[in-house]
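Single-structure report; data block below.
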Amino acid sequence: MWPVKNLSRLLAAGLALLVLAGITVWRLVAVLPPAAKSNQPVSEFGSDRAFAHVQTISRDVHVAGSDAAHQVRDYIAATLKSTGVHTTITDGVGASDALGSLFAMARVNDVVATLPGTEPTGTVVLFAHYDSVQISHGANDDGAGVSTLLETVRALKAGPALRNNLVFLFTDAEEACLCGAEQFVSQNPLAADGGVALNFEARGANGPVIMFETAAGNAGVVDVYADAVPYPVATSFAVEVYRIMTNDTDFSPFRDSGRFTGLNSAYIDGSAVYHSPQDRSDYYHLDTLQQHGANALAMARAFGNADVPSLQRPAGQDDTYFPVFSALWVYPGALVWPIAVLALLAVGGLAFVAWRRGLFGWGRFAAAFGLAVIPLLAGAVLAQLLWWLLTVIRPGYLDMMDPWRPGWYRAGVVALVLTATLTWYAMLRKRFGPWTLAIGGLAWLALLGVVFAAVVPGGSYLAAVPALASGAAGLVALAVPAGRPRLAAVSVGAIAGIVVLAPTVLLFFPALGLATGAAAALFASMLTLVLLPVFEWLFPAGTREDCAIKDSALAGPARVAEAAGDHEGMDPGRRATPVGTRRRAAAPALVVGVLALAFIAVGLIIDQFDARHPEPQQLMYALDADTSSAQWVSTDSKATGWVAQYVSERRDVSGEFPVVGDNTLTGPASVANLPAPTVTVVADSTADGRRTVTLKITPQRDVRLVYFQVPDAQVTTATVEGRKVPIENVGEPFGVLFHAPPDDGITVDLVVAKTGPLTVRAMDGSDGLDGLPGFTPRPADVTAEGSHDSELVLVAKTYSV
Ligand SMILES: [Zn+2]
């Protein structure tokens, strides 16, 4: 039987948690995309108009250099010209060592549209790439960015001209090597004076558009973004995380040039679609496109009227910013340390007052602080264990960063985090008392705020702001009468934690995927620590003996009676029987634990592989003409299912076929009738112990890439297709990967520190395994993995010239 007093406690807890849950949902919904809008006025962004472009652009796979890519290029140029904008198609060679381990180049055709300003202070470049990867229709990546910019140009032309020069750049060969963007930044006169660079990308199929990367010293540009865009979703922590990760987009060449400031926006949820054959217009979310476009148009207008030189100079600091109540809260980086220190003072002050009141002794507090590391980290451990278990049950997940439908699993991770915290709390609350545990948890947040301020300042707010608010609320709670007023005080204090951390959990699940669910789980764990004083009310009021301070020698100079009252969950309630108390103390953790299992089970039932949500399996074919031998190669983690008929043995073939990674599964294959690329000497001279030679490397079939390597000579100068190669950026041995080569091959000018015969390893790559001897296409519920080398057919031969 449930004592009346405890029932009323439970009702109060239920009410407080219901209100906080409502605020949480409200916060989460606020960062979701707005509803798609059709039939918009001509000066506004319409996702229906943009989607019409998506459908045209994504009709076929349009990898750089392909006929389909040329059609997309011409469609973009024709659409721009139809709006009356001056448009050119450039023809050049881009070069980059940003992606992969090989130095890469590409023949690129960027589409460049210019809108002259009325009184320009500088140039604003808005860009998106129009190429897709070799197996993908690129409806999202980056049909979304291209269509967003085409619709933005149209809307801008319907309004008054802007102050600054605007350049709309549609880059080629981003997927290959960021080469279109690199070529623009290094060669195009429009980029010579730098300016503001704004990139529009997609790394998934849905979810909010996040402004996730900035140039260094971002205070100026972030202020413009925060004031201008209608749906700002951005956090300064994402900028820090992205700086640590090694990913790159077209924004990188702009950022690295030092001449541009700017912002990078993308949507990232639904990453199962990313780079896969399923990146088509029927896997599309128009609300996401609406957000991309409405924000892009607002940024074009705001930066188009801003003072570019003052933005271009990097500000002395990065801003801290995060979404609050459908706006972006921004404060200067100079406040990061003061807020972190204030949080430390608030939590320290709370601990001191609690000690003075005799709520705990320092020995007990130190123990509680040490034990609070368990709920802080247990959720992250459980999240990784869950992913491991899911890959055991469903091995197809092994090569995915997120399942097709991760929603139920994400809910499962959050429920696991709650289970861990509530179990820990139920086990320790009687021994330590609620104040000790709550302040021990807050102390971790205050400490993390300081650590983050030192290491990743843009992320310090995530711990410092909740610690500051909850520390202050705790001080208020100790000043008001025990009972409901205290519950009200700590509940209000927890709101800051919800506002800051709940959207972070939501954004981190897709950012790193369930494969790295620990990240989102860690922020969820931090939030549960903030909520401990509210959770306390879910538990029956403790007994006087349980709560009396045992290490009273160390306790503060308070009266024992007052201390006992404070201990009982901030509520001097009646006593319950020990057995019933124990059983009821286990109830909250039990309820969320069962929920966690239920969510995970529903996830497993719902997210099964089928024709619309197929399992990714990667396969390539590699033919060595020197030995007349061929093999199947796969980057899959395990040879299971369809791919197991081709590969079985883990072997490093990156020496013979350098575009392939060094950790692959291989298996024997029949030799196909595929001619190797030829190497011919066009010019040759020797002087001063050096040989100067011009080679023509010519594919004998329809290919996407050509690679050559000079393994046995020191190359001192190299020019490929007329562009000088920065030797210092090319690793050993000297080799260059060339994407989208002309039909008659590439011309290579070399100077080598050698006079005798020269060994040249030449390789080319085409896309598509159909027709190869022994190849059977995948069943309907298996698809090619979304990667840059799926379905690649390599043919290599070594020459002596
Ligand atoms: Zn992309």
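For the reader, a short list of remarks on this structure follows.
- Model label sites at residue 19 and residue 716, defined 7 Å from Cα along the beta-carbon direction, differ in position by 7.9 nm.
- Applying the Kirkwood pairwise sum to the alpha-carbon positions of the chain produces a hydrodynamic radius of 29.1 angstrom.
- Cα-Cα pairs of segment 218-288 separated by more than 21 Å (percent): 42
- In terms of its alpha-carbon gyration tensor, segment 311-417 comes out oblate; a/c meets the 1.5 threshold, while b/c is at least as large as a/b.
- Segment 363-409, accessible surface, carbon-and-sulfur percent (1.4 angstrom probe): 81
- You can think of it this way: the chain between residue 59 and residue 325 has 91.9 nm of extra reach, that is 0.36 nm per residue less the Cα-Cα gap.
- On Cα atoms only, tilt of 143-157 relative to the major axis of the chain in degrees: 90
- Compared with the direct C-alpha span, the chain from residue 307 to residue 377 gains 20.6 nm at full extension, assuming 0.36 nm per residue.
- Counting only alpha carbon atoms, the long axis of helix 286-304 and the longest principal axis of the chain meet at about 80°.
- Residue-normalised accessible area of the chain, expressed per residue, 1.4 Å probe, Å²: 37
- Positive dipole terminus of the chain, leading residue within 715, 71, 16 (C-beta point charges): 16
- Given +1 at the Cβ of Lys and Arg, -1 at the Cβ of Asp and Glu and no other charges, the dipole of the chain around its Cα centre is 4120 debye to the nearest 20.
- Fraction of accessible area attributable to carbon and sulfur, segment 624-715 (%, probe 1.4 Å): 45
- Dipole orientation for the chain: of the candidates 85, 33, 784, 33 has the Cα lying most toward the positive pole (charges on Cβ; Lys, Arg +1; Asp, Glu -1).
- Shape call, segment 136-239: gyration tensor on alpha carbons, a/c limit 1.5: rounded
- Peptides 365-378, 33-46 ranked from most to least packed give 365-378, 33-46, packing being the mean of other C-beta atoms within 10 angstrom over each peptide's residues.
- Placing R0 at 30 angstrom, the Cβ-Cβ distance between residue 770 and residue 247 gives a FRET efficiency of 0.45 after rounding to 0.05.
- Surface composition of segment 1-147: carbon plus sulfur atoms contribute 61% of the solvent-accessible area (1.4 Å probe, protein chains only, all chains present).
- Taking the Cα centre of segment 572-717 as reference, the dipole from Cβ charges on Lys and Arg (+1) and Asp and Glu (-1) amounts to some 1480 debye.
- Modelled label positions at residue 192 and residue 91, each set 7 Å beyond Cα in the direction of Cβ, lie 2.3 nm from each other.
- Gain upon complete extension [residue 44, residue 649; 0.36 nm per residue less C-alpha separation]: 212.2 nm
The values are calculated or read from the model by the stated rules, or taken from the named source; none is laboratory data. Because the structure is predicted, anything quoted here is derived from the model rather than measured. Positions of Cβ are generated from backbone atoms using ideal geometry, with glycine treated the same way; all protein chains shown enter the neighbour counts. Accessible surface is based on the protein model in full, side chains and every heavy atom, while ligands, DNA and RNA are left aside. Shrake-Rupley method; radii C 1.70, N 1.55, O 1.52, S 1.80 Å.
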